[in-house]
């Protein structure tokens, strides 16, 4: 059961702690043949992580030395199972050349590699997940600790916990108004699943206001654990082997040669993919057995004949999904294909007959699950904010509680459903025991599996999950007895988390105590309540607390939302009534009522007494702490070995590449001229020596030796490479210096006209500042002319005197000085110009209009004087007029450099 657009059936390996050093998260879709990794990191959208070969999917293969071991989901599917489990037996039939033995400590299986090395399925999966983590970190360019894994919905509790242990070993922690119905049909390598999903928009109130969000809910699931592309590939492999034996090219039987069968298995996989798009194709293998080649034309009809019985099973998961959802095919709007197995034309033909409609092929069958899972990872992570998309997964394997109860007829076994078929999760459930007065026990197991075929029930394995023993019940009851105490039963709290794992939260005895406060003696709790009442609600306002009633165990677990709502409404009404009555007593505030005696109202207080509980796992045990630590140490050693191998390969490649690069450069003129004959001879000699050593005893050297050889050669060629670089870059740096000198000199000419001695009205710079710049320019020009002359006298093989660093230092000094002056002129403001005194109008003028006209003309003259003001250059200087603003914005200003 997988929801591939935005995921549904997920094992969520996630921690809620915020990782400051890393915000990237990842997803892994681990299949039988391939694994795909999705990543999302800050500033980067969801994407598929590439492996070292820059491919978007990676074979789920682990190699040990010369033996190729194909594990992946094959190992995952047998994880957490006993040696006699039907799926383990099937795996041994498919791959007889793997040495699978029983793990005496856990009762599960291990893969025996040799006399000294063996690996559990959890360890093998952990290695694949660790490699996936490496690819994801390379793609995100930062560490990753949080991950979402996709798993088939039919995985039981043991399989899910085993996968989580593998993730922990890999150092990954766990991260329209009208409903539309869509069915996802997923045929992968080893299994097939049909999932019926409803899409609709719902209203939620999480942040104080109502919001509308899309929601996907799982309604029905049907599956076939052994129907998939792997079975088709195995049948093609056996068909090819049979045809090779019929050719009688050798006396040996190809079925008895594991290496030849592995070659046929690989070719069968290629042939299966090609025949999905072509009517026929050649199967060919060089040197299949006893150096005999194999070549055969295979037609698509021949492959379809081999899998005829498999095709008859194609529609069964669809029927089961509709049955568990209690719906018919009429309401389904789309059937979407997912998984590589659905590419087989005959599979599509049989599926189309089963659903009686066209099939949707709009999803990327390889990457849909991975991208959906990484979206879920981003949603769960605190480092990202994504559009809200609610997913509701569903219970495929229902879970019930079993216990014994004493009756008049003796002990009676009682069964109560805890999580029913297709119940949504994550969800919490409470089951109440109200007839037990002493220590007792109860068990949790799978229930109502009649909808599954008999062989699938065998595949699930043990149906009993855990037994819980409760102790201290009698003591807790005795401690909480009295006339004012009412027992509400022993309540066991369960939670099914995002990963579909059932967890016991706690067990407690719940009682209600009725307390009547008095003036003479009040309990501590009553006094505390009175204090809060005086502060916030008035002295006389004492509402009666009535806790929510929970169904006792005889009435089954409360898994009906409607009933929950009724209980909540009743509680609200009771609380409202009890709260309103005291308010009425204080509504009238006359003197008579104030003098009346206070009424004492009883308070109902809920008390919870914890009950000790121990769990005994009835299924196959997972790795113990000791075994987990040993497995972790084993994987760390393998990781270290792999790192050393990669380091050695990198060091060898770097050394070989550098030797070849140096030898080629010595044949180029610019390198040959930059070194003496003696230097060239030394370098060539060392290159030849290292080259000969690499193809002799050096071929088996370690990384340290390669790195030391590389350091020696780099040290010998360092001066040569430095001289060549200086000869290339120094002319460019010299041109930059010349350009800066030209601009600085031009700026200096303008600056000389902006000093107090040359232009009192525009004293922007001091004489010292201008002289300092002029002196620096002259010194730089003298140094440049001298150093260029000296450099020309040198040979190219001599150490250069004109270096890029020296030129950069000179430019930095000029830049610093000019910037200082430029910033000063930007901040400079002209002094205020005093207004000229206007000649007074004669007093004896009797015409008032004349006086007014004179004043108006005077004002106009003042404005004209200010606007037309310019600063003349001093005598003997430049005749041009200099405007400070124009100087600041001049193209010759250093601000343009």
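Side notes on the structure shown:
- All positions within segment 737-752 that are out of contact with any strand residue (DSSP E or B) (no Cβ under 9 Å at 6 or more places or on another chain) and buried (at least 16 other Cβ atoms within 10 Å of the Cβ): 737, 740, 741, 743, 744, 747, 748, 750
- Set 159, 115: member being out of contact with any helix residue (DSSP H, G or I) (no Cβ under 6 Å at 6 or more places or on another chain) and over 30 Å from residue 461 (Cβ atoms): 115
Table: residues versus (1) touching a strand residue (DSSP E or B) at 6+ places or on another chain (Cβ under 6 Å); (2) outside the structural domain of residue 158 (by TED's automatic domain parsing); (3) in a strand (DSSP E or B); (4) surrounded by 19 or more Cβ atoms within 10 Å (Cβ to Cβ).
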{"position": "474", "(1), (2), (3), (4)": "no, yes, no, no"}
{"position": "481", "(1), (2), (3), (4)": "no, yes, no, no"}
{"position": "491", "(1), (2), (3), (4)": "yes, yes, yes, yes"}
{"position": "498", "(1), (2), (3), (4)": "yes, yes, no, yes"}
{"position": "503", "(1), (2), (3), (4)": "yes, yes, yes, no"}
{"position": "506", "(1), (2), (3), (4)": "yes, yes, yes, no"}
{"position": "509", "(1), (2), (3), (4)": "yes, yes, yes, yes"}
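- Residue within segment 418-427 that is closer than 20 Å to residue 316 by Cα, touching a strand residue (DSSP E or B) at 6+ places or on another chain (Cβ under 7 Å) and surrounded by fewer than 22 Cβ atoms within 10 Å (Cβ to Cβ) present: yes
- The listed residues are 370, 365, and the only one of them that is touching a helix residue (DSSP H, G or I) at 6+ places or on another chain (Cβ under 7 Å), in the same structural domain as residue 325 (by TED's automatic domain parsing), surrounded by 15 or more Cβ atoms within 10 Å (Cβ to Cβ) and under 30 Å from residue 26 (Cα atoms) turns out to be 365.
- Top-ranked residue in segment 318-343 [being modelled with pLDDT of 90 or more and in a loop (DSSP other than H, G, I, E, B); ranked as nearest to residue 448 (Cα to Cα)]: 326
- Residues (at pLDDT 85 or above and in a loop (DSSP other than H, G, I, E, B)) located in segment 368-409: 395, 396, 397, 398
- Residue satisfying all of: in segment 410-432; in a strand (DSSP E or B) and within 32 Å of the chain's Cα centre (by Cα); nearest to residue 446 (Cα to Cα) among these: 419
- Test result for residue 283, in a helix (DSSP H, G or I) and surrounded by 15 or more Cβ atoms within 10 Å (Cβ to Cβ): no
- Residue 612 assigned by TED's automatic domain parsing to the domain that holds residue 486 and either at pLDDT below 50 or over 30 Å from residue 471 (Cβ atoms) (or both): no
Yes/no matrix, rows are residues, columns are (1) assigned by TED's automatic domain parsing to the domain that holds residue 796; (2) modelled with pLDDT of 95 or more; (3) outside any helix (DSSP H, G or I):
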residue	(1), (2), (3)
670	yes, no, no
675	yes, no, yes
679	yes, no, no
691	yes, no, no
699	yes, no, no
711	yes, yes, no
723	yes, no, no
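- In segment 807-821, the residues that are crowded, with 17+ Cβ neighbours inside 10 Å and under 26 Å from residue 670 (Cβ atoms): 807, 810, 811
- Residue 250 touching a strand residue (DSSP E or B) at 6+ places or on another chain (Cβ under 7 Å), surrounded by fewer than 20 Cβ atoms within 10 Å (Cβ to Cβ), outside any strand (DSSP E or B) and modelled with pLDDT under 95: yes
The values are calculated or read from the model by the stated rules, or taken from the named source; none is laboratory data. Note that the structure is predicted; figures quoted are calculated from it, not measured. With ideal geometry, Cβ positions are generated from the backbone for all residues, glycine too; neighbour counts draw on all protein chains shown.
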